[in-house]
Amino acid sequence: MTKRGRGAAARRRRATRLKSAAVGGGLVLVLLIVFWSVVWPYVTGAVVLGGATAAGWWLWRTDRLVRGRDRLWRQEEAVKAGHRTLVEVDTMTGTEFEDPVASLCRRDGCTDVRRVGGANDNGADVVGRLPDGRSVVIQCKRYTPTSTIASRELRDLLGAKVHFGADLAVFVTTTRFSRPSEKFALQHGILAVHRDHFGLWNNGASLLSLSEVNGRGQGDSRHQARWKRAYGK
């Protein structure tokens, strides 16, 4: 058989199948019209079930997409946080410093994280909820490494904790705490994150893990001497 003959035979078969399908569809339509009073509950049920199945599949697929994007965003933020050096942080303004602090909180699984810093921030810059559900209020101070956090600044944070009704208060800074301010933080349950501990947090340690070394890590006299040589004070 030639190619032309085979092509004609294939077209005839397709035409026959289409005709059969049309006839079958028409017959089904006629039967539905004739017996509609009997079959309509089943048809309606099938349509409703199909619609519910389609809606459920769409919601499941949307949820998968949203969760996937959220995981990707968290991974990207974790990479950005891990690659952000303290030198880069030192070039930020005080307001800009609130952004990486909020991002690190989200990276650690905190929820409802938002910045509230500003002229009337009531002593807080970032608020949110820890992974265990406790509310947290954070004060951020991007000071030069030669500065020192005084006790009065922690007193302001303690007032913010009361104002916001928070379970935990956290003071995050790029410098050191004075001895009195460090003692004040421990007495009042404030998590004091100084420069060294912020570096650990930025490089992957969780915020809650820093509570285990709260009040420690500013070093002995030799460490303080190296600090003064490095930062000129």
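The values are calculated or read from the model by the stated rules, or taken from the named source; none is laboratory data. Source: prediction; values computed, not measured. With ideal geometry, Cβ positions are generated from the backbone for all residues, glycine too; neighbour counts draw on all protein chains shown. We work out accessible area using only protein heavy atoms, side chains counted, and drop any ligands, DNA or RNA first. Shrake-Rupley method; radii C 1.70, N 1.55, O 1.52, S 1.80 Å.
Tabulated results
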item: 5 angstrom amide H check on Asp167, placed H, neighbours 5+ away; result: Ser135, Val136
item: Listed residues Thr93, Leu158, Ala124: farthest to the positive end of the dipole of the range 86-165 (Cβ charges); result: Leu158
item: Residues whose placed amide H lies under 5 Å from that of Phe177, excluding near-sequence neighbours; result: Ile149
item: log10 of Debye I(q)/I(0), alpha-carbon scatterers only, for the range 156-208 at 0.15, 0.24, 0.27, 0.30 Å⁻¹; result: -0.43, -0.97, -1.09, -1.18
item: Whole-Hz couplings from phi, Karplus 6.51/-1.76/1.60, listed for the range 184-196; x for Gly and Pro; result: 4, 4, 5, 5, 10, x, 8, 7, 9, 9, 8, 4, 5
item: Accessible carbon and sulfur surface of the range 92-195 relative to its total accessible area, %, 1.4 Å; result: 47
